[in-house]
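> My structure is below; once you've seen it, I'll send some questions.
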Amino acid sequence: MTRRQPIVSVKTMTDYYLESFIKCPYKFYYQHVLSLNSSQVKWRQVVQFIINQVVQNFYQLSQDSQNQLHVFKLIDKYWKNVSPQLFESKVHYYTVLAKTTNHLLQFLTVKKKQEPPIFLYQKMNIYNEELETQLSLTFELAEWSSHSFTIKKFLLEADAELIQLYNHLVVVVSNEAFGKLPERVEIITLLEGKSYTYSPTINSVAQGNQYLKNMKKLLQHPNDYTKTNSLTECKSCSFILKCQDSRNSANEIDRTNAKFLH
């Protein structure tokens, strides 16, 4: 007999939950569906918080103060209370610090901004009739361009799936909220120092809606979850032991009716 799949209610699709799902559907299920929270704070979360604070505070400075000196000051302000014990080793701690510092300097001071940002860490909530779902997205940095506006997002790291997710979210939310698409979406990763750009077209709206429809179906049906990014996420995951236990325990699989196997 085929077991009936549990259906998870999806009233609002937020960028935070979707990013969590893309990185690891198993961790997402434990943390956001079963509400099994870990007290452990991981280094990736801490560094991403620092990145957000540095970027936000940098763009709140006057034009004359948006320089390398103030980037260093902001990084020092938020890094000085971070314990190296959160990292794999002191070498790892200093490597992450050096790379993120170097790449923040590179991307934040690449040019002088002529006008202040349109949005700076501004959350947008819209209702998408086609999805029959609320969508919530934080526009980290939106700036005027020659014909429209550009969107930038600063991440510690991102794979192809996460980049695709964010591009589709930006297109769908921008179209609903403003009736206009950004000229360019740029995702900057600060561990590797790479920039990924996307220039949407009118066809991108339909593609984005279809992508988010598929995401909604996956969120609603845990049995369809598929592991995507195992090595990076598993190494630092608070639920690794629970996933391993579920692999060896048919009883737990019966209880949860979900696939947690790595």
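A short reminder: the numbers here are calculations on the coordinates, not readings from a lab. Being a predicted model, the structure only gives us computed values, none of them experimental. Here the Cβ is made from the backbone with ideal geometry for all residues, glycine too, and neighbour counts use every protein chain on show.
> Return the long-range amide H neighbours of Leu190 (sequence gap of 5 or more, or a different chain), with a cut-off of under 5 Å between placed amide H atoms.
Counting only residues 5 or more places away or on other chains, the set is Leu155, Leu156, Glu157.
> Please give, to one decimal in nm, the separation of the simple spin-label points placed at Ile202 and Gln106, each 7 Å out from Cα toward the Cβ.
Inter-label distance under the simple model: 3.8 nm.
> With the cut-off at 1.5 for a/c, could you classify segment 51-136 from its C-alpha gyration tensor as rounded, prolate or oblate? Don't skip to the answer; put the middle values down first.
Working: a/c = 2.84, a/b = 1.36, b/c = 2.09.
The shape class here is oblate.
> Could you tell me which of the pairs Lys111/Lys213; Lys77/Lys152; Lys99/Lys180 are separated by over 29 angstrom between their Cα atoms in the structure shown? Before the final figure, lay out each step's value.
Working: Lys111/Lys213 38 Å; Lys77/Lys152 23 Å; Lys99/Lys180 35 Å.
As for pairs spanning more than 29 Å Cα to Cα, those are Lys111/Lys213; Lys99/Lys180.
> Let me ask another. Can you give me the Cα centroid spacing of segment 50-107 and segment 129-164 in angstrom?
Each part's Cα centre sits 22 Å from the other's.
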